[in-house]
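Notes to accompany the following structure.
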Amino acid sequence: MDKPTSTLNKLPSETVLQHNRRYIPGGISSVNRSIDPAITFVRGEGAYLWDNEGKRYIDYHAGFAPYFLGHNFAPINQAAAAALTSGDSLFGAGPSIAEGRLAELICENVPAAEKITFLNTGSEATSLAIRIGRAITGRQHIIVMQGGYNGNHDELAVNVFNTLAEIGPRVSPGEYPIKPLGAGTTVMHNRFTHAVNYNDLESVRYICRRFPIAALITEPLLQNIGVVGKVKAKPGYLEGLRDLADEFGFLLVFDEVKTGFRHALGGYSQVCGVKPDLVVYGKAVANGFPLAAVAGKAEYLDSIIDPDPSRRPFVAGTYNGHPVAVAAAIETVRYLTANKDTLYPRMEAMGAAMEAGINDIFARRDITACVTRQGSAFSFYLMEKQPSDLHDIIEGHDFARDLALRRALIQRGVFFVPIATKQCSLSAAHTDADVDFTLEQFESAVATVW
Ligand SMILES: Cc1ncc(COP(=O)(O)O)c(C=O)c1O
């Protein structure tokens, strides 16, 4: 079809996809956005999305979770717009006043951040964190979590979407074979990346005894894009990782791309009280604008300026500290700081209401299910007990019904992204009435699926 792009926002989503497919492989620039049904959204406002046929949805996807304060939150848009008209630009030389303000704001308010440096995407930031770990320790090997997602680069985009057929029975203590997320990655990386189950300290110890480990990277709560959804740390697990890092001399890296700023101003490391060596932020730090960061202990961040080039990890990026994204992040962090005493408790209360409501619907219908939740982020699992790792989920969860339920919700104007087990995210823009409406639709959707 040859219509100019401007008229496409009046056409069915399938037509838009067909148009895009002529120019973009698959019609979408990120494989993670490729969903069924392939809805084309044209507007986001607060807790709501509208598709190109005018239908409104209550959104629980939040663009893969950045929109903690809701879509197009006016104070943040205004800050970004002000940066665009202020004469600030991407000078490509010298320090920027704004990046210094943002760094100060975060380091003054986030316990894990003694120093910080800014990048654009979570993947760039996790990549840098690993690089710092290697530069500091002079070692090559890293540990990742089975089912964890920490970015799109070769060494971390592994072991996310495994099936039971691929990974076989539970391995503990031990490691899983490395399975890259896609083709074209260097197989060499597989030698240096070791995948263990989340919540399994013995396997971390097992790997440390066999390989010189530079860094272990994990979300403090597995909340990633993979099939894991949202899995909680067992008591003592994160403290155990801290102890193992100290015992074996590797850097403990918390990937707080999803948990950072969402569960507390200081992210989940503040909630759990375990201090990582490095921490990675993205998503909610700029409420939807492209900004990410590596923060952590000053001695490790300062390796970036080590006078000895052989010990200095390379960091550069044309857009690092881009004025528009930085302005959005300053306003986001400023807003969160000013409102933290009311905002986080309110998100907890709304999340608890959602959790109780969903549990109640399942219980009244005798459906075997459980909800996992941290504050504003939740997932439901169609299995008896709360999962503690990927193995529990792929062995126990009813993926087909999960997907069918999400699609039934979408038909009813509630957007739970149609990827089984995927995290749902409340934003500060959601209201109690939104939660009530969602639960009504949930009940009706459940009735069609069971
Ligand atoms: C936990 C986690 N780490 C890293 C990333 C990568 O971030 P980005 O997509 O901005 O590169 C993601 C993205 O979903 C994520 O969920």
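Read-outs: derived from the displayed coordinates by stated rules, not from any lab. What you see is a predicted model; the values in this text were computed from it and never measured. Glycine also receives a Cβ, built like all others from the backbone with ideal geometry; neighbour counts cover every protein chain displayed.
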### Query
Which loop-located chymotrypsin sites (Phe, Trp or Tyr not before Pro) does segment 223-290 contain, where loop means any DSSP state but H, G, I, E or B and the Cβ has at most 16 other Cβ atoms within 10 Å?
none
### Under-5 Å amide H pairs with HIS141, H placed in peptide plane, nonlocal only
ALA214
## Note on the structure
Between the alpha carbon centres of segment 308-360 and segment 197-218 the gap in Å comes to 28 Å
### Task
Calculate the all-directions average of the projected area of the chain's alpha-carbon convex hull, and give it in nm².
21.9 nm²
### Query
What GluC sites (Glu not before Pro) in segment 313-409 are in a loop by DSSP, with at most 13 other Cβ atoms within 10 Å of the Cβ?
GLU384
### Exceeding the 26 Å Cα-Cα cut-off - candidates LYS10/LYS258; LYS283/LYS422; LYS115/LYS232; LYS234/LYS275; LYS258/LYS297; LYS10/LYS422
LYS10/LYS258; LYS115/LYS232; LYS10/LYS422
## Note on the structure
For segment 74-335, the percent of all C-alpha pairs falling in each 5 Å bin, from 0 up to the bin holding the max distance, is 1, 6, 13, 18, 19, 16, 12, 8, 4, 2, 1, 0
### Task
Could you check which residue among SER123, SER30, SER203 shows the biggest mean-square fluctuation in a GNM of the chain with a 10 Å Cα cutoff?
SER30
### Query
Hey, rough spin-label estimate for LEU11 and ASP246, points 7 angstrom out along Cα→Cβ, what's it come to in nanometres?
6.2 nm
### Task
With springs connecting C-alpha atoms under 10 Å apart, model the chain as a Gaussian network and identify which of ALA293, ALA353, ALA316 has the largest mean-square fluctuation.
ALA316
#### Entry: GLU440-GLN78 pseudo-label distance in nm [points 7 Å out on the Cα-to-Cβ vector]
3.4 nm
### Task
Work out, step by step, the length gained on full extension between GLU108 and ALA183: first 0.36 nm times the residue separation, then minus their alpha carbon distance; give nm to one decimal.
22.8 nm
### Query
the chain: longest stretch without exposed trypsin sites (Lys or Arg not before Pro) (DSSP loop, at most 10 other Cβ within 10 Å), sites themselves excluded?
23-384
#### Entry: Extension reserve of the SER30-ARG365 stretch, reckoned as 0.36 nm per residue once the Cα distance is removed
116.8 nm
### Summary
Restricting to aspartates and glutamates and to Cα separations under 18 Å from LYS385, and discarding same-chain partners fewer than 8 apart, the set is ASP200, GLU355, ASP360, ASP366, GLU395, ASP398, ASP402
### Query
Nearest-5 percent of antiparallel DSSP beta bridges in the chain?
60 percent
### Centroid-to-centroid separation of segment 415-439 and segment 76-118 [C-alpha atoms, Å]
31 Å
### Task
Run the quick spin-label model on VAL271 and THR448: label points 7 Å from Cα toward the beta carbon, then report their separation in nm to one decimal.
3.2 nm
### Message
Could you give each residue of segment 237-250 its phi-based ³J(HN,Hα) in whole Hz, using Karplus coefficients 6.51, -1.76, 1.60 with θ = phi - 60°, and x for Gly or Pro?
### Response
5, 5, 5, x, 5, 4, 5, 5, 4, 5, 5, 9, x, 9
### Task
Per DSSP H run of at least 4 residues, take -39500 (n - 2.57); add these up for the chain, divide by its residues and hand me the 222 nm value, nearest 500 deg cm²/dmol.
-12000 deg cm²/dmol
### Max mean-square fluctuation residue, GNM over the chain, Cα-Cα springs under 10 Å, options PRO387, PRO75, PRO111
PRO75
### Query
Seen from all sides and averaged, what is the projected area of the convex hull of the Cα atoms in segment 315-449, in nm²?
11.0 nm²
### Task
List the GluC sites (Glu not before Pro) within segment 72-113 that fall in a DSSP loop (any state other than H, G, I, E or B) and whose Cβ has at most 16 other Cβ atoms within 10 Å.
none
